[in-house]
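Student: Can you keep this structure in mind? I'll have questions shortly.
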Amino acid sequence: MSSREVMIVLAHAQTCEPCRERLLKDPLAVLRGRALSDEEKATLSGLAAEDFGSAEQLAQAVGCTLADLFEYRDHPVARLRHF
Ligand SMILES: [Zn+2]
């Protein structure tokens, strides 16, 4: 449960507030057309604002490792691709 696409979405939502709000408000619109499994979409759709409180909370919420999150935080695609 830590495909590249999932991590890119998470890493961007973590650092970009407008996109994070979009993901929380209308996840299906944000996730539509992305290379994600139904399970991954369900997990990302189920995130709450509180889950973004810290990297630890976010990793726990999606079932990935902190290392996964940090690996993508500075990834150019994650940084620059707005939802
Ligand atoms: Zn953004």
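Student: When segment 14-42 is examined, which residues are found to be surrounded by 18 or more Cβ atoms within 10 Å (Cβ to Cβ) and either within 15 Å of the ligand (Cβ to nearest atom) or touching a residue at least 40 places away in the same chain (Cβ under 8 Å) (or both)?
Tutor: Passing the criteria: Gln14, Cys16, Arg20, Leu23, Pro27, Val30, Leu31.
Student: Return the total of residues in segment 45-83 being without any contact (Cβ under 8 Å) to a residue 40 or more places away in the chain, buried (at least 16 other Cβ atoms within 10 Å of the Cβ) and either within 16 Å of the ligand (Cβ to nearest atom) or of a type in the set (D, E, K, R) (or both). Spell out how you get there, then give the answer.
Tutor: The initial filter retains those residues of segment 45-83 that are without any contact (Cβ under 8 Å) to a residue 40 or more places away in the chain, namely 45-54, 56-57, 59-61, 66-67, 70, 74, 76, 80.
Filter once more, keeping what is buried (at least 16 other Cβ atoms within 10 Å of the Cβ): 47, 51-52, 59, 61.
Those still in the list that are either within 16 Å of the ligand (Cβ to nearest atom) or of a type in the set (D, E, K, R) (or both) too: 47, 51-52.
Residues meeting the conditions: 3.
Student: What tally of residues in segment 1-44 results from selecting those that are of a type in the set (Ser, Thr, Tyr), in a helix (DSSP H, G or I) and farther than 14 Å from Gly63 by Cα? If you could, list the steps in order and put the result at the bottom.
Tutor: Initial filter on segment 1-44 (of a type in the set (Ser, Thr, Tyr)): 2-3, 15, 37, 43.
From what is left, the residues that are in a helix (DSSP H, G or I) are 15, 43.
Subsequent filtering for residues that are farther than 14 Å from Gly63 by Cα retains 15.
Adding up the residues that qualify gives 1.
Quick note: the coordinates plus some simple rules give every number you see, no bench work behind them. Since the structure is predicted, the reported quantities are computational estimates derived from the model, not experimental observations. When we count neighbours, we look across all protein chains shown, and the Cβ atoms used for this are built from the backbone with ideal geometry, even at glycine.
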